[in-house]
Structures are given as structure tokens and as C-alpha cells.
Amino acid sequence: MPAAKAFRGIGHRAINAVWRIGVATRFFLLTLIYSGTSLRRFQLIIKELFSTGVMSLIIIIVAGLFVGMVLGLQGYETLKRYGSESALGVMVALGLVRELGPVVAALLFASRAGSAMTAEIGLMKATEQITAMEMMAVNPIARIVAPRFWAGIISMPLLAAIFSAVGVFGGYFVGVVQIGVDEGSFWSQMQAAVDFREDILNGVIKSFVFGSVVTVIALFEGYDAPPTAEGVSGATTRTVVTSSLAILMLDFILTAIMFRGN
């Protein structure tokens with residue numbers, strides 16, 4: 001019957017999803033276990049920091065600048081209705097530090113660095129480089145996966161902070177330089193309203209969580225990809241889609257925990 005076939009298909013997908021979550025959890029635990037080798041050979045992490053962090057700087061800076069400029073423009077038009085144009089700095093800073101900085105930077109990180117990690121590891125698997133490492137008694141998780149994992153965790157909060165800082169400058173440029181909002185009010189109200197623990201620290205925690213999740217998803221999809229061109233392509237697509245959905249879901253959960261009642 002069509003209904004029975006549909007339910008059977010749903011059940012099969014649910015079982016497969018639970019199985020993949022279990023395999024990914026085991027992969028994550030193995031990465032943590034074998035991280036000692038990477039931490040002792042920190043030059044491996046430094047090398048990956050360049051490809052994941054430094055190579056993502058341009059897109060982070062450009063996106064942060066325009067997001068901040070849009071925030072400044074839209075914020076001014078909204079606040080002008082209530083005669084509160086002087087609060088523009090508060091609106092721009094809180095919007096970036098609490099939400100847009102960590103979230104948009106993480107989405108860009110997943111699209112740029114996450115997809116690159118998946119494609120790179122998937123290609124190494126397709127060309128049997130990982131198998132060659134295992135034959136030479138080199139643990140591929142310790143040598144390939146763990147350095148990229150720690151590079152992602154380290155670079156994501158830094159990229160989010162840069163995104164927020166550039167975004168504040170973009171909001172300042174539009175609000176103060178172009179529109180003419182009072183510069184003293186812009187900075188003084190921002191300084192008075194933004195709290196280090198409640199706003200900045202929670203934003204850093206968000207970006208740390210997003211970076212961890214995106215990096216684990218990217219590395220797992222690459223390591224688990226079928227060793228074919230279609231398999232690597234599909235794994236790269238799954239990395240971007242799954243990471244984006246995970247970021248948005250976790251953002252709601254973390255926001256509800258951190259800022260509920262504030």
C-alpha cells in the first residue's frame with residue numbers, strides 16, 4: 001500500500017539519521033582523544049589556521065561592512081520615527097555582538113572553510129591518501145582531522161569578533177558620516193549599553209559553539225564521503241546545508257538560554 005510504503009520510507013530515513021548521528025558522535029570523540037598529538041605539534045594547527053581563518057578574512061570583512069551599513073541605515077529609519085536617533089549605536093552594536101556577528105560569520109565560515117575541509121578530506125579519501133597513511137601506521141584522525149578541528153574552533157570566534165567590529169564601523173560610517181547622527185551619542189550610548197559578560201562574552205560563546213559544530217560536520221562529511229566525484233560533491237553540499245540548519249537551530253537555543261528575561 002502507498003501509505004505503508006511512505007511510513008516505511010520515513011522509518012528508514014529516521015533510522016539512518018540516528019545511525020549517522022551515532023557515527024558522527026564516535027568520530028567527534030575519536031578526534032578529541034587523538035588531539036594530543038596535534039596540540040604537541042602546534043605547527044600543524046598553525047598551518048590549518050591559515051587556510052581556515054586567514055583565507056576567510058576577506059569575505060568576513062566585506063560581509064561585515066555591508067551588514068553593518070544596512071543595520072545603520074535601517075536602524076536610523078526605524079529609530080527616527082520615535083525620535084531616538086541617538087540610540088543608533090546601541091542598536092547596531094547589540095545586533096552585531098549578540099546575533100548577526102556570530103550567526104552570519106558562522107554561515108560564511110561554513111560556506112567557505114567548511115566546504116573546503118569536506119572537499120579536501122573527501123579528495124584525500126578518493127585518491128587513497130588516507131589508506132596510505134593507515135598502511136604507514138599514521139593515524140589519519142590525529143594527522144588530518146584533529147589539526148583542522150582545533151583550527152576551526154580557534155578561528156571562528158576571532159572571525160566573528162572581526163565581523164562585529166567591522167560591522168560597527170559600517171554602522172558608524174552610514175549613521176554618523178553620511179546621515180549625520182551625533183558622534184558622541186553614537187559611541188557613548190553604545191559604551192553604556194553593551195555589557196561585557198551579558199553581550200560580548202555570550203557572543204563569543206555562541207561563535208565557539210558554532211565553530212565546533214561546523215568543523216565537526218565538515219570533517220565528518222569529508223571523512224565519511226564515498227570515494228567518488230559524486231560522493232565528494234554530495235558531501236560538500238551536505239556540509240553547507242547541515243551546518244547552516246544547525247547554526248540557526250543552535251542560535252535559537254543559545255539565545256533562549258542566554259538572554260531570556262533580559
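The values are calculated or read from the model by the stated rules, or taken from the named source; none is laboratory data. Since we're looking at a predicted model, the values are computed, not measured. Positions of Cβ are generated from backbone atoms using ideal geometry, with glycine treated the same way; all protein chains shown enter the neighbour counts.
Pairing residues of the stretch 15-34 that are outside any helix (DSSP H, G or I) with residues that are among the aliphatic types (A, V, I, L, M), at Cβ distances under 6 Å and at least 6 apart in sequence or on separate chains, gives TYR34/ILE141; TYR34/ALA142; TYR34/ALA146.
The single residue among ASP224, ASP195, ASP182 that is more than 18 Å from the chain's Cα centre (by Cα), surrounded by fewer than 20 Cβ atoms within 10 Å (Cβ to Cβ), under 14 Å from LEU94 (Cβ atoms) and of a type in the set (Asp, Glu) turns out to be ASP195.
GLY64 meets each of the listed conditions (1) closer than 30 Å to ILE144 by Cα; (2) modelled with pLDDT of 90 or more; (3) not aromatic (Phe, Trp, Tyr) apart from (1). If you filter the stretch 234-262 down to residues that are touching a residue at least 12 places away in the same chain (Cβ under 8 Å) and charged (D, E, K, R), you find that the one that is farthest from ARG197 (Cα to Cα) is ARG238.
Filtered by the rule that a residue be of a type in the set (S, T, N, Q) and either at pLDDT 90 or above or under 20 Å from ARG26 (Cα atoms) (or both), the stretch 131-179 gives THR131, ASN139, SER155, SER164.
Does GLY203 fit the bill of being out of contact with any Ser or Thr (no Cβ under 9 Å at 6 or more places or on another chain), at negative phi and touching a residue at least 60 places away in the same chain (Cβ under 8 Å)? Taking the combined requirement at face value, the residue does not satisfy it. Identify, from the list ILE217, ILE257, the residue that is part of a helix (DSSP H, G or I) and under 30 Å from THR131 (Cβ atoms). Of ILE217, ILE257, the one residue that is part of a helix (DSSP H, G or I) and under 30 Å from THR131 (Cβ atoms) is ILE217. Being out of contact with any Asp or Glu (no Cβ under 8 Å at 6 or more places or on another chain), over 23 Å from GLY184 (Cα atoms) and buried (at least 20 other Cβ atoms within 10 Å of the Cβ), is that true of even one residue in the stretch 65-88? Scanning the stretch 65-88 turns up no residue that is out of contact with any Asp or Glu (no Cβ under 8 Å at 6 or more places or on another chain), over 23 Å from GLY184 (Cα atoms) and buried (at least 20 other Cβ atoms within 10 Å of the Cβ). Taken together, VAL232, VAL216, VAL240 contain a single residue that is at pLDDT below 90 and of a type in the set (Val, Ile, Thr), which is VAL232. In the stretch 106-183, counting only helices (runs of 4 or more DSSP H) that sit wholly within it, the ones holding 1 or more residues that are within 30 Å of LYS80 (Cα to Cα) and of a type outside the set (Gly, Ala, Ser) span 146-172.
Residues are listed down the side, and each one gets a yes or a no for (1) in a helix (DSSP H, G or I); (2) under 19 Å from PHE28 (Cα atoms); (3) in contact (Cβ under 8 Å) with a residue 40 or more places away in the chain:
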site: ILE61; (1), (2), (3): yes, no, yes
site: PHE66; (1), (2), (3): yes, no, yes
site: TYR82; (1), (2), (3): no, no, no
site: GLY95; (1), (2), (3): yes, no, no
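For every residue, the table says whether it meets (1) touching a Lys or Arg at 6+ places or on another chain (Cβ under 8 Å); (2) of a type in the set (D, E, K, R); (3) more than 19 Å from LEU158 (Cα to Cα).
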position	(1), (2), (3)
GLY171	no, no, yes
ASP182	no, yes, yes
SER185	no, no, yes
GLN191	no, no, yes
VAL194	no, no, no
VAL214	no, no, no
GLU230	no, yes, yes
